[in-house]
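As structure tokens, the structure follows; a few thoughts come after it.
Just so it is clear, none of the values below were taken in a lab; they were calculated from the coordinates. As the structure is a prediction and not an experimental result, all values here were calculated from the model. Cβ coordinates were reconstructed from backbone atoms using ideal geometry, including for glycine residues, and neighbour counts include every protein chain displayed.
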Amino acid sequence: MGELVVEVEDLVVRYGRGSSAVTAVDGLSLTVGQATVTAILGPNGAGKTTTIETCEGYRRPSGGRVRVLGLDPVRDRRQLVPRLGVMLQDGGAWSGVRAVEMLRHIARLHAHPLDVDMLVRRLDLGSCGATTYRRLSGGERQRLALAMAIVGRPELVFLDEPTAGLDPLARRTTWELIEDLRTDGVAVVLTTHHMDEAERLADQVHVIDHGTVIASGSPAELTSRGAANTLRFRGPAGLDVRSLRAALPEGCEVREPLPGSYVIQGTVDPHLLATVTAWCASNGVLPDDLAVERHSLEDVFLELTGRELHR
């Protein structure tokens, strides 16, 4: 992942004191690499928001170590703020301010901001640019919040549910903008309740539950790690499945749930695939619709947490 821009080691965050204290984050560790997109997933109450707010310097850790761009986000907050972009769920804009006016104000606070007109066009804010913030739709507020987070050319951006409430076109535009940020060397940390978003964008995924990281890896690693993958094909009904099973590695199972439909369950790898095709060839069978099915990221999430990822 190259240079690390976020390092969290054994983070503990508690709310309250004494016997009434509640532990929101409990020994959590994760890292974020430069010029990467990192997705943080977890059920409600898992500790995602507390972890992000601690990295942003809004909360003081009860224990552990946090470094963001090599700095302590609480002690070195004044040095760190100009280098960060933060997208807040409440928007962070004054209720009576006009949308583009607010974006231009944020841009003036930075030494080398992005071109505001370009962002307005890219995020389709022109039609609502003269509308006061309180009159914006949810999707318009989301797009404005994203523009405000990136207009200052940050090195690291924290995005909280960046596509919540967006229509499909605006959602795809946001994805493309996030990918462009990564290409430009910016590190992006996002929380999302959309598994397809995490699979499309993320280089690294951290799954959080009960205040700690329970799994980390790329989407491909997480969906293949420990998964009982499935190979399916169609052929003549009544093939000798016991003969096929005998040719396969230990631990594989073969079924014909419907006539002519064959299901092989086990760890699907190139060797298994070659064995199946070789068996078919030696038995004069041309397999149709040969396909490998793997667990989706949502399948993995449900297996890990036992809970669905809903707001």
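Worth a mention:
- Computed over segment 230-293, the range of Cα coordinates on each principal axis works out to 24, 22, 20 Å, biggest value leading.
- Identified option (computed Cα Rg over 2.2 N^0.38 Å; candidates (i) 0.98; (ii) 1.24; (iii) 0.94): (ii)
- Isotropic mean projected area of the C-alpha convex hull, segment 1-142 (nm²): 10.7 nm²
- The label point for residue 44 and the one for residue 22, both projected 7 Å from the Cα toward the Cβ, are 1.3 nm apart.
- Approximate spin-label separation residue 95-residue 14, in nm, with each point projected 7 Å along Cα-to-Cβ: 3.8 nm
- Residue-count net charge about residue 125 - beta-carbon cut-off 9 Å; Lys, Arg +1, Asp, Glu -1: +1
- Footprinting exposure proxy for 304, 239, 169 (fewest neighbouring C-beta atoms within 10 Å first): 169, 304, 239
- Principal-axis analysis of the Cα atoms of the chain puts helix 99-108 at an angle of about 80° to the longest axis.
- Within segment 1-104, GluC sites (Glu not before Pro) in DSSP loop having at most 16 other beta-carbon neighbours inside 10 Å: 3
- Label-to-label distance, nm, for residues given as residue 29 and residue 273 (7 Å Cα→Cβ offset): 3.5 nm
- Once exposed loop chymotrypsin sites (Phe, Trp or Tyr not before Pro) are cut out (DSSP; at most 16 other Cβ, 10 Å), longest piece of the chain: 95-311
- For the chain, averaging the sequence separation of C-alpha pairs within contact (under 8 Å, six or more residues apart) and dividing by the residue count gives a relative contact order of 20 percent.
- Between residue 7 and residue 234, the contour length at 0.36 nm per residue exceeds the alpha carbon distance by 76.8 nm.
- Added length on full extension, which subtracts the Cα-Cα distance from 0.36 nm per residue, residue 72 to residue 134: 18.8 nm
- Crossing angle, helix 168-183 versus the chain [Cα axis fit, 0-90 degrees, rounded to tens]: 80 degrees
- Between the amide H of residue 212 and those of 26, distances stay under 5 Å, these residues lying 5 or more places away or on another chain, with hydrogens modeled in the peptide plane.
- Compared with the dominant principal axis of the Cα atoms in the chain, helix 270-282 is inclined by about 30°.
- Vicinal HN-Hα couplings computed from phi for segment 148-159 (Karplus, 6.51 cos²θ - 1.76 cosθ + 1.60; Hz; Gly/Pro x): 5, 6, 10, 5, x, 6, x, 7, 9, 10, 9, 10
- Estimated from helical segments only, the mean residue ellipticity of the chain at 222 nm is -9000 deg cm²/dmol, where each DSSP H run of four or more residues counts as -39500 (n - 2.57).
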